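What follows is a set of notes on a single structure, which appears directly below.
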Amino acid sequence: MVRQVSSVTVADRRAAPPVGGQRDSVRLTAVSKVFGRGESAVRALDNVSLEVPPGEFTCLIGASGCGKSTLLSLVAGLEQPTSGEVSAGGGRVAFMFQEPALFPWLTAAGNVELALRARGLGKAERRQRTEELLDTVHLTGFGGKRPHQLSGGMRQRVALARALAQDADVLLMDEPFGALDAMTRDVLHDELDRICAGRQLTILFVTHNVREAVRLGDRVIVLSSRPGRVIAEFAVPIEGPRRIDSAPVAELAARVTDRLREEMGRDGS
Amino acid sequence: MAANMPPPVDKSVPGYVEKLTYLESLEAPSEQRSRRLAARVWGGLWPIGLAILIVLAVWQLIHLSGWKKAIFPGPGATLSNLWHQLQTGLLWQAIATTAQRAIIGFALAVLIGAVVGALVSRIKPLRAAVGSLITGLQTLPSIAWFPFAIILFGITTQAILFVIILGAAPSVANGLIAGVDYTPPLLLKAGKMMGLRRLSLYRYLILPASLPAFVAGLKQGWAFAWRSLMAGELLVAIAHVPSLGFSLEQALQLNDAVGILAYMIVILILGLLVDNVFTRVDRAVRVRWGITEGR
């Protein structure tokens, strides 16, 4: 994985030449998102500018209600911003949710294969790629199981394989390991590291777990609550492979937590 | 702080991840071993047997009490009458006619219901208008359609099929519409992110996702179709064509209480058999999807 540490986002860099091949950065420029109208309107995001260069792993962190998930939906194109501009860099975008969101009528292999089918791959190639992808997420031999026959961690592995099957340039992850126990999460962190190492994936990873953010990211961005604004950015200068329980990770996590506490204190909550 | 840290794990040991994946797999819900066939058959049969015994016992008691003694037959006479009729071709011919009407009528109802349901669920402006129309159709008892059907088609099989379709198609359409409506938004998001669009979204996501609701609609539609068919055969008595409803009507004309009860038993058993098929399909879909535990 390219562990590059980007500088603080500048809003007027839209004309910047694409970095890392034809693909451009994921870029949000002065983005605001308001849900509803009139008095009941909720401002989820307020003037957020953010740039994630190709190949960077960026973690977004903040208390609940900071619009993290909304931000991902905007990048995914599932929602439109109220104002400002969003660009996913022109590449394919895959999305991993907190729940595996697997199709219950398909087997694990069938779920992965459907993503390949949506890309228009032929039958033989689909079968081969499905097998490779299940191997990648260490689910060799589980392809014939249905989602409800798998454990939570295994379902999330299938979801990861399905996201990888989309051969995306940008992977959006919305607390994908939030519902898993610490041990399973730890293993999946290692796997995500390993999988990213072989690919030029741009990742936007939303979490409310500070250590997880520092463990995984090249950069950690802290958002404020209601409305969501970028209030701090931390580069993660720790060389991999990292461990969630290592001292440097804990140290940086403490600094990020302090900043978060400060924000929550200001909020009066 | 340091004391609380988890003990160091050497992740460089080969097979570390594989081992944890294995441990993780142990957490997966274990599949229940299917019981032996004999035990399962017995488990399914004894409640039915008990129910039949209770009905026969109550029936026999009423018969013995002497209530309407002259006209109310006991189970013995009725069952022996049924047994004799089963030896003749007439009852089987009646069953064949009725079954044929049921199959054709229900098939047409499913076809029309599915097409209407698919269109209504797809096209927004149709939703409000046709949606409430379908519900309205369902509240109108299908037997109320017969006078109109007879004026339109005369005393013919078409009149019966017409009412079966009007009775069953709304349920089928409603089932499909409900299935499409309740496709989980998260799955829709996942499908869209996967690049499924329009037709492929429908084919690979929305249709399979609506299968359980569609099967429920089929089951309800069948119940309506069967009721409409019986009503139709009683009202639209087509001469020289023996059917179950017609035979029932004839038995009434002949004041043949034993025959009436015998035919009712046949109608009841046929209805139960088909309903059982739908229940099984419904359960199979649910088990496959992990909605209910397999048994």
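The values are calculated or read from the model by the stated rules, or taken from the named source; none is laboratory data. On a predicted model such as this, the values are computed, not experimentally measured, just so you know. FYI the Cβ positions are ideal-geometry reconstructions off the backbone, even for glycines, and counts take in every protein chain you see.
Mind listing whichever residues of region B:259-274 are within 20 Å of B:GLY76 (Cα to Cα) and buried (at least 17 other Cβ atoms within 10 Å of the Cβ)?
Those that are within 20 Å of B:GLY76 (Cα to Cα) and buried (at least 17 other Cβ atoms within 10 Å of the Cβ): B:GLY259, B:ILE260, B:LEU261, B:ALA262, B:TYR263, B:VAL266, B:ILE267.
How many residues does region A:128-173 hold that are within 12 Å of another protein chain (Cβ to nearest Cβ) and of a type in the set (D, E, K, R)?
So the answer is 7.
Limited to region B:244-277, what total is found for residues that are aliphatic (A, V, I, L, M) and outside any helix (DSSP H, G or I)?
Filtering region B:244-277 for residues aliphatic (A, V, I, L, M) gives B:244, B:248, B:251-252, B:254, B:257-258, B:260-262, B:264-270, B:272-274, B:277.
Narrowing further to those that are outside any helix (DSSP H, G or I): B:254.
Going through region B:244-277 one residue at a time, the tally reaches 1.
Can you find even one residue in region A:42-51 that is outside any strand (DSSP E or B), surrounded by fewer than 24 Cβ atoms within 10 Å (Cβ to Cβ), assigned by TED's automatic domain parsing to the domain that holds A:ARG194 and out of contact with any Lys or Arg (no Cβ under 6 Å at 6 or more places or on another chain)?
Start the filter on region A:42-51 by keeping residues that are outside any strand (DSSP E or B), which leaves none.
Within region A:42-51 (the criterion being outside any strand (DSSP E or B), surrounded by fewer than 24 Cβ atoms within 10 Å (Cβ to Cβ), assigned by TED's automatic domain parsing to the domain that holds A:ARG194 and out of contact with any Lys or Arg (no Cβ under 6 Å at 6 or more places or on another chain)), the answer is no, since none of the residues qualifies.
Show the residue pairs meeting these rules: Cβ distance below 8 Å; 6+ apart or different chains; first residue within region A:88-104 and farther than 12 Å from B:MET194 by Cα and within 9 Å of chain B (Cβ to nearest Cβ); second residue part of a loop (DSSP other than H, G, I, E, B) and modelled with pLDDT of 85 or more.
Listed pairs, sorted by first residue: A:PHE97/A:PRO176; A:PRO104/A:ARG146.
Within region A:110-127, which residues are away from chain B (no Cβ under 14 Å) and either touching a residue at least 40 places away in the same chain (Cβ under 8 Å) or more than 19 Å from B:SER200 (Cα to Cα) (or both)?
So in region A:110-127, the residues away from chain B (no Cβ under 14 Å) come out as A:122-125, A:127.
Matches in region A:110-127: A:ALA124, A:GLU125, A:ARG127.
Going by what's in this entry, would A:ARG226 be described as on the phi > 0 side of the Ramachandran plot and either assigned to a helix (DSSP H, G or I) or in contact (Cβ under 8 Å) with a residue 40 or more places away in the chain (or both)? Please lay out each step first, then the result.
Working: on the phi > 0 side of the Ramachandran plot: yes; either assigned to a helix (DSSP H, G or I) or in contact (Cβ under 8 Å) with a residue 40 or more places away in the chain (or both): yes.
Criteria met by A:ARG226.
Listed residues A:CYS66, A:CYS59; which is surrounded by 24 or more Cβ atoms within 10 Å (Cβ to Cβ) and part of a loop (DSSP other than H, G, I, E, B)? Walk me through how you get there before you give the answer.
On the way: A:CYS59 fails: part of a loop (DSSP other than H, G, I, E, B).
Testing whether each residue is surrounded by 24 or more Cβ atoms within 10 Å (Cβ to Cβ) and part of a loop (DSSP other than H, G, I, E, B) leaves just A:CYS66.
Somewhere in region B:146-159, is a residue closer than 25 Å to B:LEU205 by Cβ, away from chain A (no Cβ under 14 Å) and in a helix (DSSP H, G or I)?
Narrowing region B:146-159 to residues closer than 25 Å to B:LEU205 by Cβ: none.
No, region B:146-159 contains no residue that is closer than 25 Å to B:LEU205 by Cβ, away from chain A (no Cβ under 14 Å) and in a helix (DSSP H, G or I).
Can you tell me which residue among B:LEU90, B:LEU86 is in contact (Cβ under 8 Å) with a residue 60 or more places away in the chain and under 30 Å from B:VAL258 (Cβ atoms)?
Values: B:LEU86 fails: in contact (Cβ under 8 Å) with a residue 60 or more places away in the chain.
Step by step, each of B:LEU90, B:LEU86 is checked, and only B:LEU90 is in contact (Cβ under 8 Å) with a residue 60 or more places away in the chain and under 30 Å from B:VAL258 (Cβ atoms).
Going by the structure shown, is B:HIS63 within 30 Å of B:ALA251 (Cα to Cα), surrounded by 14 or more Cβ atoms within 10 Å (Cβ to Cβ) and over 28 Å from the mean Cα position of the chain (by Cα)? Give the steps one after another, and end with the answer.
Working: within 30 Å of B:ALA251 (Cα to Cα): yes; surrounded by 14 or more Cβ atoms within 10 Å (Cβ to Cβ): yes; over 28 Å from the mean Cα position of the chain (by Cα): yes.
For B:HIS63, the condition - within 30 Å of B:ALA251 (Cα to Cα), surrounded by 14 or more Cβ atoms within 10 Å (Cβ to Cβ) and over 28 Å from the mean Cα position of the chain (by Cα) - is met.
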